[in-house]
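Written out below as structure tokens is the structure these notes cover.
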Amino acid sequence: MAGSCGGSCGTKESQQAAAAQKELAISRSLGKIKNKILVMSGKGGVGKSTVSVNLALGLAKKGYQVGLMDVDIHGPDVVRMLNMTGSLEPPSSPDGLVPPLKYNDNLKVVSLEYMMRDRDEAIIWRGPLKIQAIRQFVSDMDWGELDYLVIDAPPGTGDEPLSVAQTIPHVKAIVVTTPQKVALADVRKSINFCKTVKVEIAGVVENMSGLICPHCKETINIFKTGGGEALARELDLPFLGKIPMDPMVVLAGDDGTPYLSSDADSPAIQAFDKVVQAIENRLPAVAKAPVTLKMTASEGACACGGSCPSQARK
Ligand SMILES: Nc1ncnc2c1ncn2[C@@H]1O[C@H](COP(=O)(O)OP(=O)(O)O)[C@@H](O)[C@H]1O
Ligand SMILES: [Mg+2]
Ligand SMILES: [Zn+2]
């Protein structure tokens, strides 16, 4: 439909062109990301950010290229949990893409926090603005080649998970819950949401599953345990693991020294490791070629003849 100009002003056309450009930028960016993971929960405070951060760190530790995108505007905790300072730099490359912040060589981070001048501003952010910001996180950021992009969304089934689902085709959800009945009722909502928007569920994580006594290391099941696992079984969803409650996790989150970067060995760290392993198994990304692979000197190609992971990565 033409505007009042009779179709000569081109406004509509240029808007359409800009929208098409954006779509192209989004699919170009997503084309370089092998696995997209949306971490969801029905309720706040169940450990969604903790799981997102530790999952991203755990995968990065294994040598994968990982991106972590925090789209929880009301509690952008990722940056604090990783104790990151600094702010986004203007684009440096000719394509005009903004480099995400680097946590280490394998982990890049972007948070909605960088788009707010202060946290109180979050209150005035309305749906369309949030949706636009999330789309920009995909279209305008220089994520490069990633094996995994982990997205920490706010609790519930509002604008943010919806726009992630709409912007990122093939995104898969991880639903985090605690073992209590109330939390499990909320999980069902998350699961129904995923069905409605056709997001595949990669699995369920049960967090705060029992407390490890700091003295005797026995597990005390304050919220009971196994509820998330039972629900996953009932709904025929993959169960990715249980993480016990461990006071160290709180301290690590508050200090900005995330858990999996610590060398301490505890049941909670082992549990996080298992969840990371379960994700790696369910959503494989071809790892970097192991250094032990033989290369034929002439072509610099792998001795496998093209069937091994180092070839598939190219
Ligand atoms: N397994 C755990 N053991 C102990 N404390 C935990 C555990 N998981 C999360 N927490 C703590 O619970 C609080 C809420 O976790 P958070 O990840 O911010 O939840 P959400 O993102 O779902 O709101 C934080 O203080 C965090 O350190
Ligand atoms: Mg959070
Ligand atoms: Zn004890």
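Could you check how many residues of the stretch 209-244 are in a strand (DSSP E or B) and touching an Asp or Glu at 6+ places or on another chain (Cβ under 9 Å)?
Residues meeting the conditions: 8.
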Checklist entry - Quick one: is Pro179 closer than 20 Å to Lys48 by Cβ, more than 15 Å from the chain's Cα centre (by Cα) and in a loop (DSSP other than H, G, I, E, B)? => result yes
Contact list, first residue from the stretch 154-168 and in the same structural domain as Lys130 (by TED's automatic domain parsing) and of a type in the set (Ser, Thr, Tyr), second anywhere and assigned to a helix (DSSP H, G or I) and within 13 Å of ligand 1 (Cβ to nearest atom), beta-carbon distance below 7 Å, six or more apart or interchain, is Thr157/Ser190
Filtering the stretch 204-223 for residues that are within 14 Å of Val176 (Cβ to Cβ) and small (Gly, Ala, Ser) leaves a count of 1
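Does Asp95 qualify as being among the charged types (D, E, K, R) and over 17 Å from the mean Cα position of the chain (by Cα)? Give the steps one after another, and end with the answer.
Values: among the charged types (D, E, K, R): yes; over 17 Å from the mean Cα position of the chain (by Cα): yes.
Against the criterion (among the charged types (D, E, K, R) and over 17 Å from the mean Cα position of the chain (by Cα)), Asp95 qualifies.
Each row is one residue, and each column tells you yes or no for (1) at pLDDT 80 or above; (2) among the polar types (S, T, N, Q).
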position	(1), (2)
Leu237	yes, no
Gly241	yes, no
Val249	yes, no
Pro258	no, no
Asn281	yes, yes
Leu293	no, no
Pro309	no, no
Ala312	no, no
Picking from Ser163, Ser190, the residue that is among the polar types (S, T, N, Q) and closer than 21 Å to Arg282 by Cα would be Ser190
By residue number, the members of the stretch 202-223 that are more than 12 Å from ligand 1 (Cβ to nearest atom), at positive phi and surrounded by 13 or more Cβ atoms within 10 Å (Cβ to Cβ) are Gly203
Considering the stretch 175-198, residues that are in contact with a Leu (Cβ under 7 Å, 6 or more places away or on another chain) and not polar (S, T, N, Q), and then whichever is surrounded by the most Cβ atoms within 10 Å (Cβ to Cβ), we arrive at Val187
When the stretch 28-51 is checked residue by residue, the ones that are under 21 Å from Ala183 (Cα atoms) and of a type in the set (D, E, K, R) are Lys43, Lys48
Flagged in the stretch 136-174 as among the charged types (D, E, K, R), farther than 16 Å from Pro100 by Cα and surrounded by 24 or more Cβ atoms within 10 Å (Cβ to Cβ), in numbering order, are Glu160
Out of (1) in a helix (DSSP H, G or I); (2) without any contact (Cβ under 8 Å) to a residue 60 or more places away in the chain; (3) under 23 Å from the mean Cα position of the chain (by Cα), the one Arg188 does not meet is (2)
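The values are calculated or read from the model by the stated rules, or taken from the named source; none is laboratory data. Keep in mind that this is a model prediction, so the values were computed, not measured. Here Cβ is always computed from backbone atoms with ideal geometry, including for glycine, and neighbour counts include all displayed protein chains.
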